[in-house]
1. Would you please list the contacts, defined by Cβ atoms under 6 Å and residues six or more apart or on different chains, that run from a residue in segment 22-34 that is closer than 16 Å to Phe84 by Cα and at pLDDT 95 or above to a residue that is of a type in the set (Lys, Arg) and not in a helix (DSSP H, G or I)?
2. Cβ-Cβ distance below 7 Å, separation of 6 or more or different chains: which pairs start in segment 223-240 with a residue that is without any contact (Cβ under 8 Å) to a residue 60 or more places away in the chain and of a type in the set (Ser, Thr, Tyr) and end on one that is surrounded by 18 or more Cβ atoms within 10 Å (Cβ to Cβ) and outside any helix (DSSP H, G or I)?
3. For segment 199-216, give me each residue that is modelled with pLDDT of 95 or more and either surrounded by 15 or more Cβ atoms within 10 Å (Cβ to Cβ) or of a type in the set (Phe, Trp, Tyr) (or both).
4. Against the definition (under 28 Å from Leu146 (Cα atoms), within 17 Å of the chain's Cα centre (by Cα) and surrounded by fewer than 22 Cβ atoms within 10 Å (Cβ to Cβ)), how does Asn92 come out, yes or no?
5. For segment 101-136: of the residues being polar (S, T, N, Q) and more than 15 Å from Val91 (Cβ to Cβ), which is surrounded by the fewest Cβ atoms within 10 Å (Cβ to Cβ)?
6. Give just the number: which of (1) out of contact with any Leu (no Cβ under 7 Å at 6 or more places or on another chain); (2) within 28 Å of Ala163 (Cβ to Cβ) does Val118 not satisfy?
7. Report yes if some residue within segment 39-62 is within 12 Å of Ala128 (Cβ to Cβ), at pLDDT 95 or above and either surrounded by 17 or more Cβ atoms within 10 Å (Cβ to Cβ) or in contact with a Leu (Cβ under 8 Å, 6 or more places away or on another chain) (or both); otherwise report no.
8. I'm trying to understand the selection: among the residues of segment 111-160, which are of a type in the set (Lys, Arg) and out of contact with any Lys or Arg (no Cβ under 9 Å at 6 or more places or on another chain)?
Amino acid sequence: MEHLPLSGKVALVTGAGRNIGRAIALALAGAGANIAVNVNTQRAEGQAVVDEVIALGRDAVLVQADVTQRPAVDAMVETILQRFGALDILVNNAAVRHEAAFPDLSYADWRRAFEVSVDGAFHCTQAAFAALCKSDSAAVINIGGLTANTGAARRAHVVAAKAALGGLTRALAHDFAPHGVTVNCVAPGMVNTVHQNADPHHRATHTPLLERRGHPDEIASAVLWLAGPGARFTTGQTIHVNGGTFLGA
């Protein structure tokens, strides 16, 4: 019989309509989890991922919500609990990746990066807190970024927000530990993804030691491990998956 380490578990993946989010949703489904696929505006993309999950033999639901809006997040979590009766895994993947030279960076764009990456993680994690604490093996996994450690031109808002997400990860590891819930962060490096309206400057200025860009599935593999039984003694950590672009703790 096929071993499915996440059989019976329920996972919510935010920003799951494409790229890394989609890969994470499919990886968790492949390991046996039922999936709540969150998107903000790209409903058709989200439904396509739901269909892919169902084709893998798992249950899935599309939960369209702006993670920066707490009422929408509360309603999303309630929908998941009504559908599945539990929530065991939360992946805070939704993010802003827009680039702009610092002199031209608007305060609205600065705030938007924090609203999606940091406030979104806050809202989703707090809304899911009670459900996660009822699980016997719950995990929160935040998706950070390489530039939180290296910095990058034209991305002051994104770098600052991802660095804050790393700090939030370490803080929440303390708050969730008494409940047996792990909280970790995966920091992807240069990954071959499709970006809409994105300046390619940052992606063109780094070369990993492995001399290639990563694949979304390789990021998803790290998330899958953190969500599974092999990572129950790992919490408060940032796991770097970057092909050797950044070497550090």
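The values are calculated or read from the model by the stated rules, or taken from the named source; none is laboratory data. Here the structure is a predicted model, which is why all the values come from computation and not from measurement. Here the Cβ is made from the backbone with ideal geometry for all residues, glycine too, and neighbour counts use every protein chain on show.
1. Within 6 Å, the pairs are Ala29/Arg58; Ala33/Lys9; Asn34/Arg58.
2. From segment 223-240, the pairs are Thr234/Thr182; Thr234/Asn184.
3. Applying the first criterion (modelled with pLDDT of 95 or more) to segment 199-216 yields 215-216.
Scanning segment 199-216 gives a single hit, Pro216.
4. Working: under 28 Å from Leu146 (Cα atoms): yes; within 17 Å of the chain's Cα centre (by Cα): yes; surrounded by fewer than 22 Cβ atoms within 10 Å (Cβ to Cβ): no.
So Asn92 fails the test.
5. As a first pass, look at segment 101-136 and keep what is polar (S, T, N, Q): 106, 117, 125-126, 135.
Among the residues that remain, those that are also more than 15 Å from Val91 (Cβ to Cβ) are: 106, 126.
On the way: Ser106: 10, Gln126: 15.
Residue satisfying both the conditions and the ranking: Ser106.
6. (1)
7. Looking only at segment 39-62, we keep the residues that are within 12 Å of Ala128 (Cβ to Cβ), and these are none.
No, every residue in segment 39-62 fails to be within 12 Å of Ala128 (Cβ to Cβ), at pLDDT 95 or above and either surrounded by 17 or more Cβ atoms within 10 Å (Cβ to Cβ) or in contact with a Leu (Cβ under 8 Å, 6 or more places away or on another chain) (or both).
8. Restricting attention to segment 111-160, the residues satisfying the condition of being of a type in the set (Lys, Arg) are 111-112, 134, 154-155.
The answer is Arg111, Arg112, Lys134, Arg154.
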